[in-house]
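Participant: The structure that follows is given in the form of structure tokens.
Every number in this text was worked out from the coordinates using simple rules, so none of it is lab data. What you see is a predicted model; the values in this text were computed from it and never measured. When we count neighbours, we look across all protein chains shown, and the Cβ atoms used for this are built from the backbone with ideal geometry, even at glycine.
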Amino acid sequence: MNDAPNHKVCEEGQAFLSGGQSKEEALWQQRPQKRKVSWYLRLLLEVVMAATIVVLLVWNSYLGQRDTIKRTPVPRLPRKLYTFRSNATLIHDKMFFNKTDTLRTLHNWIPLSSASRGYIVIKDAHKYDLPNPYTIAVDRYKDGPGYMMTVFHQLHCLSYLAEHYQQGYDGVQLTEEVAHHTAHCFNYIRQGLMCSADTTLEGKTDEGPGEGSEHECVDYDFLLQWANNHSAMKWRNVPDEATL
């Protein structure tokens, strides 16, 4: 008589224990699946991020590594701080009193330009947004397409203006060719100044207006190195009165 109730209690307890264990097992079975889904999502996110970085790097390289509107082979040039100071080797007060001093001083400007006097050869020019090239001496044996880099053209113009400024004081008669070239150079340099637009805020210095002020500029040594690595035929050594 007493065995029946005890048997019923055991069955109910067994059923209760059996049901509780099944729920825990179900939870443990779900956790690996959730972890697996999270792992796949994380992997997918990392792949997308890596692909985005690669695309950005390739795109920047495609644009010549510069923030430009047009595609150019000239790379992004490093920046450098320069202090503007007078340099008697390149320009001084006495140089305009006679032709020889003017020419010999301007001769010292030659290292400021590239070995080919500013002419650049671009082998894969079709990849970039470039104008129709000049025909220049690529080497001693042949001519080919090439370009003039603006900064070196500007230096030539400034040297030309200094030379003919002295000639005017020396009584040399102005010719139509010189008048035309002079007007071109003044206008060309004006536009170059406005294009580059140095926005340095100058203040008082002991050296005079503008002198002694620090400017953030293109690293000119790096620029010359790039230009010389892509130069046309190098100019031969010239007399001490030759100018740019």
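Participant: What list of ³J(HN,Hα) values in whole Hz, one per residue of the stretch 190-205 in order, does the Karplus curve 6.51 cos²θ - 1.76 cosθ + 1.60 (θ = phi - 60°) give from phi, with Gly and Pro shown as x?
Facilitator: Here the 3J(HN,Hα) series is 4, 5, x, 4, 5, 5, 6, 6, 5, 9, 4, 8, 8, x, 5, 9 Hz.
Participant: From the backbone phi of the stretch 109-114, what are the Karplus-calculated ³J(HN,Hα) couplings (6.51 cos²θ - 1.76 cosθ + 1.60, θ = phi - 60°) in whole Hz, Gly and Pro given as x?
Facilitator: Once rounded to whole Hz, the list reads 7, 3, x, 6, 9, 6.
Participant: Still on this structure, I have one more. Work out how much length Ile69 to Asp221 would gain on full extension: take 0.36 nm times their residue separation and subtract the Cα-Cα distance, in nm to one decimal.
Facilitator: Details: separation 152, 0.36 × 152 = 54.72 nm, distance 2.51 nm.
The Ile69-Asp221 span can extend by a further 52.2 nm.
Participant: Out of residues 5 or more away from Ser231 or on other chains, whose amide H comes under 5 Å of its own, with H placed 1.01 Å from N in the peptide plane?
Facilitator: The answer is Val121.
Participant: Separate question: Name the long-range amide H neighbours of Ile136: under 5 Å, sequence gap of 5 or more, or other chain; modelled H, no Pro or chain starts.
Facilitator: Residues meeting the amide H criterion: Gly144, Gly146.
Participant: Another question, if that's okay. Calculate, for Met49 and Thr150, the FRET efficiency according to 1/(1 + (r/R0)^6) with r their C-beta to C-beta distance and R0 45 Å; round to the nearest 0.05.
Facilitator: The value I calculate is 0.65.
Participant: Take every Cα-Cα pair in the stretch 79-229 and report what % of them are more than 24 Å apart.
Facilitator: 47 percent
Participant: Given His126, Ala162, Tyr141, which one lies farthest toward the positive end of the charge dipole of the stretch 125-178, if we put +1 on the Cβ of every Lys and Arg and -1 on the Cβ of every Asp and Glu?
Facilitator: About the Cα centre, the residue reaching furthest to the positive side is His126.
Participant: While we're here: Could you compute the FRET efficiency for Asp101 and Ala125, with r as their C-beta to C-beta distance and R0 at 41 Å, rounded to 0.05? Before the final figure, lay out the partial values.
Facilitator: Numbers: r = 42 Å, r/R0 = 1.02.
Plugging the Cβ-Cβ distance into 1/(1 + (r/R0)^6) gives 0.45.
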